[in-house]
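These notes are about the structure you will find just below.
The values are calculated or read from the model by the stated rules, or taken from the named source; none is laboratory data. It should be emphasised that the depicted structure is a prediction, and the values quoted were computed from it without experimental measurement. Because the Cβ atoms are built from the backbone with ideal geometry, glycine has one as well, and the counts that use them run over all protein chains shown. Quick note on the areas: whole protein, heavy atoms, side chains included, nothing else; ligands and nucleic acids left out. Shrake-Rupley method; radii C 1.70, N 1.55, O 1.52, S 1.80 Å.
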Amino acid sequence: MSEQLKSARDDLEQAEKTADDEVREDIRETADAFADYVVGDHAPDHAVMDQHLNDLRQLSEQVDGNTEDRLESALEAAEEYREGIDQA
């Protein structure tokens, strides 16, 4: 799977460690989804990636500091991956 999704997953796992309780589970869910894409034999389509990107944008508005930095980094990597998905 893509290096971008691996990078995003890693950033999300780090963000989860520093996140407040109210957002930690949401970060974990997205990190788990990216982990599934990295190790699995399936890849997200445009709609699924758009939802993940939207989730990350919303989460980044709810956090600050190192957690925000990690979410922003994950968002950049995920956006880069999304740009490379072939149109259906």
* To do: Calculate, for residue 66 and residue 36, the FRET efficiency according to 1/(1 + (r/R0)^6) with r their C-beta to C-beta distance and R0 35 Å; round to the nearest 0.05.
  => 0.90
* To do: Any chance you could give the angle, 0 to 90 degrees and rounded to 10, that helix 65-83 forms with the longest Cα principal axis of the chain?
  => 10 degrees
* Structure fact -> Per DSSP, the loop-located GluC sites (Glu not before Pro) within the range 15-88 having at most 12 other beta carbons within 10 Å are 61
* Given 10 Å bins starting at zero, what is the percent of C-alpha pairs of the range 4-51 in each, up to the one with the largest pair distance? -> 28, 52, 20, 1
* Give me the accessible area per residue for the chain, probe 1.4 Å, as a whole number in Å². => 58 Å²
* Please give the net charge around residue 65, taking every other residue with its beta carbon less than 13 angstrom from that of residue 65, where Lys and Arg add +1 and Asp and Glu add -1. => -3
* **Share of carbon and sulfur in the accessible heavy-atom surface of the chain [1.4 Å probe, %]** => 38 percent
* Using only Cα atoms, find the angle between the long axis of helix 21-39 and the longest principal axis of the chain, and express it within 0 to 90 degrees, rounded to the nearest 10. => 30 degrees
